[in-house]
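Step one of this worksheet: look at the structure below.
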Amino acid sequence: MNRGYFYTPETTSGDRDLKIWGMPAATTTHHPCDCEERSRKQSEPDCFAPHRDGRQAFVFPTKTMGEKISVVIHTYNSEKFLCRVLSSVKNFDEIIICDMHSTDRTREIAQKYNCRIIYHEKSEIPEPARNFAIQSASNEWVLVVDSDEIIPEALQHYLYDRIKEKTDLQGIWLTRKNYTFGHFLHGEYPDHILRFFRKENAWWPPYVHTLPVVKGRVEYIPKRKKELAIIHLVNNSMTEKLRKINIYSDNEVLKRAGKRFPVWKIFTASFFRFFRSYILKGGFRDGKVGIVIAGMDAFYKFVSIAKIWESRVRNEDMDKDLLG
């Protein structure tokens, strides 16, 4: 395919899922990019071949299907960090944007980076759309990236090197650096997340804060290799953190359906979340920020259990004065 031309392929298998939501078929659109040189710096030594007239033409190294990686990014009004995120993944084989009908410049930015854009109905959390987007990927290996995460160049090379080894590996737990008050959080590192796997052996539960279920052998990137850690750009204010706690704890009600939460659980579970964050994970090394993060972690658990109790209140449990 020539750079700089618009190209719309035939309907893909993923389009059938889109029609379920009553939306038009997904299309792949390639647009002229603002940054013609964006991929040349890293690839120039190995990826330039001479023309007969002595000029050089840019060519990509040959890869088998089992050596290609699709990047999947879920978006909704994600323009704030999207340029930096897409710039960090521009050299992967495919970038899929699963957009929930953004109203800002998200899609415009994605088009400039030659992304394939598909659509899913809007949701407060990305998990319900995960499986749909992952199965829309063209390649065997999938890297799931949030719209506020940077993929280091070293991590990209590491992933390609691992899949070229042709082992029985099915997934890799990646490390991630998190920030609050503008400071790196020692207590939340390495924050292992399972975001890289073979798509045919993975399934993502559609509930808040879940990770994919991957069949087969998975491995962890060592904590000491900090140069491979994803950089989580989000540095939310306390107001935004509290807003997200309210949204996510609502989703915990559905996620924890059928589980018992006796009275003592709200104390022990909340205390353990604080203890784990501040002591076991080393949050004390982050000073005041460590206390805040541990407290928010405990508060999240407390509010989640309280909302679960509230959801299970029946009419016969209510005070008679409230009943008409």
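A few comments on the model shown:
- Here VAL289 clears all of (1) open to solvent by 40 Å² or more (accessible area, probe 1.4 Å); (2) β-branched (Val, Ile, Thr); (3) under 26 Å from GLU240 (Cβ atoms) except the condition numbered (1).
- Output for region 204-221, where each listed residue is within 24 Å of PRO128 (Cβ to Cβ) and not in a loop (DSSP other than H, G, I, E, B): VAL213, VAL214, VAL218
- Any hit, region 124-134, residues being small (Gly, Ala, Ser), modelled with pLDDT under 95, closer than 15 Å to ALA229 by Cβ and open to solvent by less than 10 Å² (accessible area, probe 1.4 Å): no
- So ASN235, is it in contact with a strand residue (DSSP E or B) (Cβ under 6 Å, 6 or more places away or on another chain) and over 26 Å from GLY171 (Cα atoms): yes
- Lone unmet requirement of (1) part of a helix (DSSP H, G or I); (2) open to solvent by less than 50 Å² (accessible area, probe 1.4 Å); (3) charged (D, E, K, R) for ARG195: (1)
- Within region 249-270, the set of residues being within 18 Å of PHE302 (Cβ to Cβ) and out of contact with any helix residue (DSSP H, G or I) (no Cβ under 7 Å at 6 or more places or on another chain) comprises ASN251, LYS255, LYS259, ARG260, PRO262, VAL263, TRP264, PHE267, THR268.
- Given (1) at pLDDT 95 or above; (2) open to solvent by 70 Å² or more (accessible area, probe 1.4 Å); (3) in contact with a helix residue (DSSP H, G or I) (Cβ under 9 Å, 6 or more places away or on another chain); (4) over 30 Å from CYS83 (Cβ atoms), number of the condition TYR220 does not satisfy: (3)
- For region 258-281, the set of residues classified as over 25 Å from the mean Cα position of the chain (by Cα) and small (Gly, Ala, Ser) consists of GLY258, ALA269, SER270, listed by residue number.
- Scanning region 147-167 for residues that are free of Cβ contacts under 8 Å to residues at least 40 places away in the same chain and not in a loop (DSSP other than H, G, I, E, B) turns up HIS157, ASP161, ARG162.
- Flag if TRP309 is of a type in the set (Phe, Trp, Tyr), without any contact (Cβ under 8 Å) to a residue 24 or more places away in the chain and open to solvent by 30 Å² or more (accessible area, probe 1.4 Å): no
- Residue match in region 170-178 (condition: closer than 30 Å to MET238 by Cα and more than 18 Å from the chain's Cα centre (by Cα)): no
- Among residues of region 170-213, those that are aliphatic (A, V, I, L, M) and within 20 Å of ARG224 (Cβ to Cβ), counted: 5
- Subset tally (residues that are open to solvent by 50 Å² or more (accessible area, probe 1.4 Å), assigned to a loop (DSSP other than H, G, I, E, B) and either in contact with a strand residue (DSSP E or B) (Cβ under 6 Å, 6 or more places away or on another chain) or not small (Gly, Ala, Ser) (or both)) for region 168-191: 2
Residues are listed down the side, and each one gets a yes or a no for (1) of a type outside the set (Ser, Thr, Tyr); (2) in contact with a Phe, Trp or Tyr (Cβ under 8 Å, 6 or more places away or on another chain):
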site: LEU254; (1), (2): yes, yes
site: ALA257; (1), (2): yes, no
site: SER270; (1), (2): no, yes
site: GLY282; (1), (2): yes, no
site: ARG285; (1), (2): yes, no
site: GLY295; (1), (2): yes, yes
site: ILE305; (1), (2): yes, yes
site: GLU310; (1), (2): yes, no
site: VAL313; (1), (2): yes, no
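- Enumeration of residues in region 85-118 that are over 23 Å from TYR158 (Cα atoms), charged (D, E, K, R) and either more than 16 Å from the chain's Cα centre (by Cα) or surrounded by fewer than 20 Cβ atoms within 10 Å (Cβ to Cβ) (or both): ASP104, ARG105, ARG107, GLU108, LYS112, ARG116
The values are calculated or read from the model by the stated rules, or taken from the named source; none is laboratory data. These numbers were taken from a predicted model, which means no experiment stands behind them. FYI the Cβ positions are ideal-geometry reconstructions off the backbone, even for glycines, and counts take in every protein chain you see. The area values use the complete protein model at the heavy-atom level, side chains included, leaving out ligands, DNA and RNA. Shrake-Rupley method; radii C 1.70, N 1.55, O 1.52, S 1.80 Å.
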